[in-house]
Amino acid sequence: MDTTGLRSAYDRLLDAAAHPDLGDADDGGWDADQVLAHVLSVDAGIAAVALGVASGSRPTFDNRMSLDPWNLRRIIGEHRGRPDLIRHVRDQGAVLCDVADQLSDEATSVLVPSLLLSNGAVLVDQPVPLAGLVDGLAGDHLPRHTQQLLDLRVAVPGRPAG
């Protein structure tokens, strides 16, 4: 697989996460730490699926644990603040990209039974090619959460925006 786009999507996400003035969501949604914990959970799940396919097993992907408030608090609690979360996302994203770079065309075409939810709605409940799961991170998942982080920026008097 070509992970150039995925690596770039991680860079943009991590740049947004490192912004010094991230506040709370106006709509009561996730804060930056919760977004990063969610990304960590999703990435670990997809990396596990990719490694499972490479090993010859036929794993499934279900993102419900990456949405669970208890799990997000657990992941956040295992880190020493946002810089540590950012470092972990960077490291784990690199691992996922390294695994994906080594997948054969046959492996990337394996259909993975998948259940993907967002805001309580089912987005996907069907088999998805492994390549679709990985490419979905770059094309949709990470950009959506990058924008979510950018939306958390708080205007600080005397500091230029952006």
- Semi-axes of the stretch 1-124 from the Cα gyration tensor (sqrt of 5 times each eigenvalue, largest first, whole Å) come to 26, 18, 13
- Message: Hydropathy at least 1.0 by Kyte-Doolittle, axial extent at least 18 angstrom from the Cα trace: which helices of the chain, defined as entire DSSP H runs, fit?
- Response: 32-55
- Message: Starting from the 7 Å offset along Cα-to-Cβ, what nm value, one decimal, do you get for the label separation of residue 106 and residue 71?
- Response: 3.1 nm
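A short reminder: the numbers here are calculations on the coordinates, not readings from a lab. Note that the structure is predicted; figures quoted are calculated from it, not measured. Ideal geometry is used to build each Cβ from the backbone, glycine not excepted, and the neighbour counts take in all protein chains shown.
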